[in-house]
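Trainee: Take a look at the following structure, please.
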Amino acid sequence: LPVSRIERTRIDDGGNYTPDPRVIDGFTPGSETVQVSFSAIPMDAAALYDSLSRYPYGCTEQQVSRALPLLYADQMAALAGVETDAEIRRRVADAVETILNRQSSDGAIGQWRMGDRNANPWLGAYAVDFLARAREQGYAVPDAALDRAYTVLDGISRLELWRASGYETQVQRGPWQYDTQERLNHRSAAYALYVLARAGRVDRAQLRYMHDRLLTDIASPLARAHLGAGLAMIGDEARSRSAFQAAMDALGYNNAGDWYQTPRRDIAGVLALAAEAGNEDVVAALTERVATDLPEPDRLTTQEKAFLLLAARALAGDTTEVSVTVEGDANTVAAGRSFRLGAEQVEARPVFTNTTGSMVWMTQIARGAPVDAPPAVSERLRIEKMILTPAGETADLSDVVQGDRFIIALTLSGMEQRRVPAVVADLLPAGFEIEAVLSPEDAGRNGPYAFLGDLTSPDIAEARDDRFVAAVDVYERRSYRLAYIVRAVTPGDYVIPGANAEDMYRTDVFARSEAGRVTIRPRAD
């Protein structure tokens with residue numbers, strides 16, 4: 001998989017910046033790209049959006065996180081500069097269609113498909129928030145679909161999760177679980193009240209009740225800010241300011257059992273909601289904090305990137321324009337704002353000059369495939385990869401003949417005392433293609449591939465052109481086996497990439513198996 005390196009710096013008016021060619025050292029020739037972006041605010045929306053748009057998986061949270069910032073196309077396009085208006089509208093329309101296709105007749109929205117009951121009520125509110133905003137921006141969202149979704153949210157807003165039967169409303173307790181039923185209820189109800197307030201359908205008494213009776217019991221700062229923004233929408237400024245102050249007091253909260261929550265996500269979300277509510281004091285107080293110690297975008301969660309983009313929109317105001325001139329060879333992505341360079345352009349050492357009239361922030365991200373295959377790694381997850389013959393024997397990959405078939409078996413195991421929503425991605429060597437994904441019925445005691453043992457039934461499994469992808473919830477001290485069949489189709493000598501597994505919402509939880517090689521000979525006529 002590609003790796004990336006990041007550099008950030010401030011450039012004064014009239015100051016220059018020249019990329020160092022050493023930034024692409026160690027990348028495979030032809031795979032290198034360097035994006036140099038300039039922003040009037042401390043966060044680089046171009047880099048954030050570029051990373052978010054490349055995320056290859058598609059549960060409902062990830063679909064919404066990629067599309068939500070693009071709803072504000074005029075401003076976000078100016079910030080990001082990496083998509084045309086037509087591309088933005090296509091991406092948003094595709095996300096809207098995907099989410100609507102996952103909605104059941106009862107109004108609930110699934111995590112992967114209609115009726116899967118894998119989405120919790122908070123994620124439901126997040127998806128409905130996106131659909132409602134998309135409708136405001138002119139996208140086709142049927143009235144009936146929103147009405148059904150609002151009906152479910154109304155029950156959630158009253159802390160009556162029994163009325164949200166299409167969602168996963170129970171928090172499973174155990175040594176691996178740090179969330180609680182009360183926390184799920186509170187953050188889901190607060191978000192539902194906010195979405196209903198934006199739609200003009202909120203029960204004002206319930207919104208005020210949540211503030212007056214439950215505010216200090218609500219642990220999540222983002223949930224407190226949702227109440228504050230909702231109260232501002234009904235004109236209750238005193239309670240709104242009280243809720244935002246409570247949100248500020250709660251920042252730093254961390255709930256390892258909530259897949260989507262991180263302290264960084266909360267800071268960005270509180271800032272964006274405060275800007276929407278017109279609370280300039282909170283915006284000013286969080287402006288410096290939100291961009292402190294930002295890692296490279298690929299090390300952020302999809303939630304963090306989405307809410308940081310919304311915070312960037314709030315901070316930008318009327319300062320979205322920057323002006324940068326270039327001396328030398330540079331491929332322009334968006335003139336004066338973001339530039340994408342290949343190896344030749346980097347070697348030519350173009351000079352970027354800030355002509356904005358004020359200080360700007362520069363972000364440089366170099367990305368490419370490493371020359372050497374990365375080593376195996378295990379960070380709170382383990383993954384092992386076996387390549388077998390159809391008879392169950394270890395395959396000899398040094399002498400494969402075009403047309404030979406193999407079974408690739410992946411074994412995933414957890415190392416944390418919690419439920420890990422893992423996604424597995426196994427990239428194919430260039431000479432292989434996937435024939436079939438094996439199901440539990442194909443193995444076990446009586447299946448044709450019984451030697452594989454018991455196979456796991458994942459939440460989703462996909463055979464893509466260049467990789468096998470699956471999603472499975474992993475618990476400590478349990479192993480999960482996935483398998484698929486490949487065929488050797490193209491003669492040549494290829495690297496076999498290691499299989500990758502990662503927590504979909506925690507970028508520091510991941511694993512990679514060892515890489516290998518395969519030689520495929522042409523089939524004899």
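Trainee: Quick one: how many Å² of Glu416 are accessible to a 1.4 Å probe, rounded to 10?
Mentor: Accessible area, nearest 10 Å²: 30 Å².
Trainee: Mean separation of Cα pairs under 8 Å and 6+ residues apart, divided by the residue count of the chain: what relative contact order is that in percent?
Mentor: RCO, the chain: 20 percent.
Trainee: Using protein chains only and a probe of 1.4 angstrom, how many square angstrom of Glu514 are accessible, to the nearest 10?
Mentor: 140 Å²
Trainee: Using DSSP to call loops (not H, G, I, E or B), can you name the GluC sites (Glu not before Pro) in segment 329-398 whose Cβ has at most 10 other Cβ atoms within 10 angstrom?
Mentor: Of the GluC sites (Glu not before Pro), the ones in loops of segment 329-398 whose Cβ has at most 10 other Cβ atoms within 10 Å are Glu393.
Trainee: On a 1.4 Å probe surface of the protein chains, which of Ser242, Ser398 comes out largest in accessible area, and what is the full order?
Mentor: Numbers: Ser242 50, Ser398 80 Å².
In descending accessible area the options line up as Ser398, Ser242.
Trainee: Just to verify a number: what accessible area does Glu441 come out at with the full protein assembly present, 1.4 Å probe, Å² rounded to tens?
Mentor: 140 Å²
Trainee: Enter the mean projected area of the convex hull around the alpha-carbon atoms of segment 76-233, in nm², rounded to one decimal.
Mentor: That works out to 10.5 nm².
Trainee: In whole percent, and with a 1.4 Å probe on the protein chains, what portion of the accessible area of the chain is carbon and sulfur?
Mentor: Here carbon and sulfur together make up 45 percent of the probe-accessible area.
Trainee: Where does each of Asp258, Asp508 land when they are ordered by accessible area, with a 1.4 Å probe and the largest first?
Mentor: Asp508, Asp258
Trainee: Go through Val377, Gln137, Tyr178 and say which Cα lies farthest out towards the positive end of the charge dipole of the chain; charges sit on Cβ, +1 for Lys and Arg, -1 for Asp and Glu.
Mentor: Working it through, the farthest residue towards the positive pole turns out to be Tyr178.
Trainee: In what sequence, largest accessible area first, do Met362, Met415 appear using a 1.4 Å probe?
Mentor: Result, largest first: Met415, Met362.
Trainee: Follow-up question, since we're still on this one. Distance from the Cα centre of segment 375-452 to that of segment 273-313, in angstrom?
Mentor: 40 Å
Trainee: With r as the distance between the Cβ atoms of Ala93 and Thr355 and R0 = 35 Å, compute the FRET efficiency 1/(1 + (r/R0)^6) and round to 0.05.
Mentor: Working: r = 37 Å, r/R0 = 1.05.
It comes to 0.45.
Trainee: Just the number please: accessible area per residue for the chain, 1.4 Å probe, all protein chains included, in Å².
Mentor: Details: 21560 Å² over 525 residues.
Value for the chain: 41 Å² per residue.
The values are calculated or read from the model by the stated rules, or taken from the named source; none is laboratory data. Since this is a predicted model, take the numbers as computed values, not measurements. Glycine also receives a Cβ, built like all others from the backbone with ideal geometry; neighbour counts cover every protein chain displayed. Ligands, DNA and RNA are stripped out before the accessible areas are found, and what is left, the full protein with its side chains, is counted by its heavy atoms. Shrake-Rupley method; radii C 1.70, N 1.55, O 1.52, S 1.80 Å.
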